[in-house]
Amino acid sequence: MPYTKKQQVLNYLQSGRGVTGHTALYHFGLYRLSSTIHKLRQEGHTIHTEMIEEDGETYAKYIYLYRDWE
C-alpha cells in the first residue's frame, strides 16, 4: 500500500530535511502543505515554522523537532 501524502511529508521531515511549499509540490504533488503540517501537529508531532524572506517574497519552511528524552 503506497504512503499517503501526509506520511510522505512526515518521512521527509523525519529524515532531517526541511520542507517548503515548493518542495511539497515538487516531491509529493501536494498543494496545501500548511494543512498537512497542521494535521501532523494535531497528531503530536513537533514541527517548527521558519519564515524565510528571499527576493522580496516570504515563505514558510517546516522543520521536524525531535523531543529531548534525556
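The values are calculated or read from the model by the stated rules, or taken from the named source; none is laboratory data. Keep in mind that this is a model prediction, so the values were computed, not measured. Ideal geometry is used to build each Cβ from the backbone, glycine not excepted, and the neighbour counts take in all protein chains shown. Accessible surface is based on the protein model in full, side chains and every heavy atom, while ligands, DNA and RNA are left aside. Shrake-Rupley method; radii C 1.70, N 1.55, O 1.52, S 1.80 Å.
What distance in nm separates the two pseudo spin-label positions at residue 41 and residue 25, each 7 Å out from Cα along the beta-carbon direction?
Reported label-point gap for residue 41 and residue 25 is 2.2 nm.
Before anything else, pin down the relative contact order of the chain: Cα pairs under 8 Å, at least 6 apart, normalised by residue count, whole percent.
Details: 74 pairs, mean separation 22.2, N = 70.
Relative contact order, the chain: 32 percent.
Given points 7 Å out from each Cα along the Cα-Cβ axis, report the residue 49 to residue 66 separation in nanometres with one decimal.
2.5 nm
Take the Cα radius of gyration of the chain and divide it by 2.2 N^0.38 Å, with N its residue count; two decimals is plenty. Mind showing how you got there, number by number?
Numbers: Rg = 12.4 Å, N = 70, 2.2 N^0.38 = 11.1 Å.
Against the compact-globule rule of thumb, the ratio is 1.12.
Roughly how many Å² of residue 27 are accessible to a 1.4 Å probe, to the nearest 10?
100 Å²
Return the calculated 222 nm mean residue ellipticity for the chain, to the nearest 500 deg cm²/dmol, obtained by summing -39500 (n - 2.57) across DSSP H runs with n ≥ 4 and dividing by the residue count.
Numbers: 3 runs with 28 residues, N = 70.
Value at 222 nm, helices only, nearest 500: -11500 deg cm²/dmol.
Taking a probe of 1.4 angstrom, what is the accessible area of residue 4 in Å², to the nearest 10?
80 Å²
Determine the order of 15, 35 by accessible area, beginning with the largest, at a probe radius of 1.4 Å.
Ranked from most to least accessible, the order is 15, 35.
Tell me the net charge near residue 32. Cut-off is 13 Å between Cβ atoms, residue 32 excluded, with +1 for each Lys or Arg and -1 for each Asp or Glu. Numbers along the way, then the final one.
Details: positive: 5, 6, 39; negative: none.
The answer is +3.
Could you put 12, 26 in order of accessible surface area, largest first, with the 1.4 Å probe and the full protein assembly present?
26, 12
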